[in-house]
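Scroll down for the structure; my scribbles are underneath it.
None of the figures in this text is laboratory data; all of them are computed from the coordinates on show. It should be emphasised that the depicted structure is a prediction, and the values quoted were computed from it without experimental measurement. Cβ sites come from the backbone with ideal geometry, for glycine too, and all protein chains shown count toward neighbours.
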Amino acid sequence: MTSFDDGDEQREEPVGDPRAAELAERLGLVRQRIESATRAAARSDLPTLMVVTKFHPAADVRRLAALGVRDVGENRDQEAAAKSAELSEVDVRWHFIGQLQSNKAKSVARYAASVQSVDRPQLVEALAKAVAREKDATGRSDLDCFIQVSLDHDAGAHRGGASPADVELLGEKIESADGLVLSGLMAVAPLGGDPDAAFERLAAISEALRAVHPAAVGISAGMSQDLESAVRFGATHLRIGSDILGSRPAVG
Ligand SMILES: *Cc1c(COP(=O)(O)O)cnc(C)c1O
């Protein structure tokens, strides 16, 4: 039997956190890439970095928050709902970036600052209803909405998103819904395609949208592989996962 109470207390503390150190290093490298790309594009506005934490544990979000990350992206409601509930005291904004079924709108409205994957009128209606309910219950703020545009819609092999032809109508619908704010556009560069061509097209679609909705200036584009190209073509938000967190664990 021992009575070294001080020693016992210290043993409870983690000796070090190699994962935190790894995240700090990888995050630093990505931040440097964003800064150089922004300089190279002669832009004065630094895009917002959203760290995509899908498939990684809530503990990583906590570590990232301690490193100054304020925006995180998730693509599945079940996972995002659980993590945001676990981390309710952590100062990060949650952004929903995945395909969203209308029946999940109610859940997403509880934790999301933005939905970046709005791609159809029914989803706008469901989100408006859910946000109104949540506003009454908790006084949440307006929900930022990005219209997800499919940049290979014509090729038929699209990775989700509305046809560019439907953007204006969706914009109207979001703008006229109480509690929803039309923030801009989101897109994923087509697999195996030229990201420059894709993001140039996205910039043109954004310009057309802004002609009608001047405040919808957001362009959420750019992932680990193509962030430089996205910054060159005016991305205001970047969604970076694997270059910061490492490859995603196998889906369980
Ligand atoms: C997973 C995901 C990302 C992050 O991609 P990485 O290649 O890991 O940086 C960005 N956007 C969306 C829509 C995603 O699903």
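Centroid-to-centroid, using Cα positions, the range 122-141 and the range 43-104 are 20 Å apart. Modelled spin-label separation between Ala211 and Arg133, with each label point placed 7 Å from Cα along the Cα-to-Cβ direction: 3.9 nm.
Computed over the range 18-245, the P(r) tail beyond 26 angstrom holds 34 percent of alpha carbon pairs.
Of the candidates Val51, Val212, Val61, which one comes out as most mobile in a Gaussian network treatment of the chain with C-alpha springs shorter than 10 Å? Among Val51, Val212, Val61, the largest GNM mean-square fluctuation belongs to Val212. Rounded to the nearest Hz, the phi-derived 3J(HN,Hα) couplings of the range 224-230 under the Karplus curve 6.51 cos²θ - 1.76 cosθ + 1.60 (θ = phi - 60°) are 3, 6, 10, 5, 4, 5, 4, where x marks glycine and proline. Per residue, the average separation of C-alpha pairs within less than 8 Å and at least 6 apart gives the range 18-245 a relative contact order of 20 percent.
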